[in-house]
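Quick notes on the structure that follows.
The values are calculated or read from the model by the stated rules, or taken from the named source; none is laboratory data. Everything numeric here is computed off the predicted structure, so don't read it as measured data. Don't worry about glycine lacking a Cβ; one is built from the backbone with ideal geometry, like all the others, and counts go over all protein chains shown. For accessibility, only protein heavy atoms count, side chains too; no ligands or nucleic acids. Shrake-Rupley method; radii C 1.70, N 1.55, O 1.52, S 1.80 Å.
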Amino acid sequence: MKPFRFQQFDVNQSSEVFRVGTDAVLLGALSNVINSKQILEVGTGTGIVSLMLAQRNPNANILAIDINSEVVQISQNNFSNSPFSDRIKSCLQDFKNFETEQRFNLIISNPPYFEINTSEKDILARQRLELDFSDLIQNASQLLSEQGLFSVIIPIDSEKDFTQIGLSNNLFLQRKIIIKGIKTAEPKRVILEYSLKESETIIENFIIEKSPRVYSNEYLELTKDFHIFNKKAL
């Protein structure tokens, strides 16, 4: 497959591994990374989220883990070929068994969420077989620093359950970004940021396209340092 090209780095992909998608781009561009020097990405895939975070925060050191050995090889190659190669590494690791003394300022994930998938391709990346929400949230709560953030993008209809599990693990919703694919459509995704500190939730809205196949001004502004847009996208 052809690489997915950004302004500062390329993302090589494989037809057998879940590829670069809008969810990952939004998570990498919208998540709060300002004060995060130690970052953990759970389920890195091609590594696009970690690469975007590294570009946004030049002080960040990032560990990206995945349970798929082919994914780890692809993401590590993408990291090694990027301008941020000294600050990102990919590791073959099951998050359920992940143990470290390190505490992270940001734990970020575009987690699996389809209960059933009839396709063999990307089966681990898109089915809740290897890592369910409870495992993800519980382990994240134990690895966060005191002021750390846990950031995910999930289907909006999973938000209530996800937040309830978070509360049972002392994680409080700090920020919610409701995402519409197109201005006239119902929202389908939401980015959620949790903290060990209780605070009032900040709610934001984000629209990807103002009309079919025409990006919104906010999307163009958000991704202007990443995407290489052609005239049709504008």
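How much of the accessible area of the stretch 1-50, probe 1.4 Å, is carbon plus sulfur, in whole percent? Percent of accessible area from carbon and sulfur atoms in the stretch 1-50: 45.
For the residue pairs Lys37/Lys210; Lys197/Lys224; Lys188/Lys224; Lys2/Lys160, alpha carbon separations beyond 30 Å are given by Lys37/Lys210; Lys197/Lys224; Lys2/Lys160. Counting protein heavy atoms only, the stretch 127-234 has 47 percent of its accessible area on carbon and sulfur, 1.4 angstrom probe. Dipole size of the stretch 143-197 about its Cα centre, with +1 on Lys/Arg Cβ and -1 on Asp/Glu Cβ: approximately 240 debye, rounded to the nearest 20. Solvent-accessible surface of the chain, taken per residue with a 1.4 Å probe and all protein chains present: 51 Å². Working from label points 7 Å from Cα in the Cα-to-Cβ sense, the Asp86 to Asn217 distance is 4.1 nm.
Shown here: mean projected area of the Cα convex hull in nm², derived from the displayed model; of the candidates [x] 20.7; [y] 11.2; [z] 12.3, it corresponds to [z]. Within the shell of other residues whose beta carbon sits under 14 angstrom from the beta carbon of Leu106, the net charge comes to +2, with Lys and Arg scored +1 and Asp and Glu -1.
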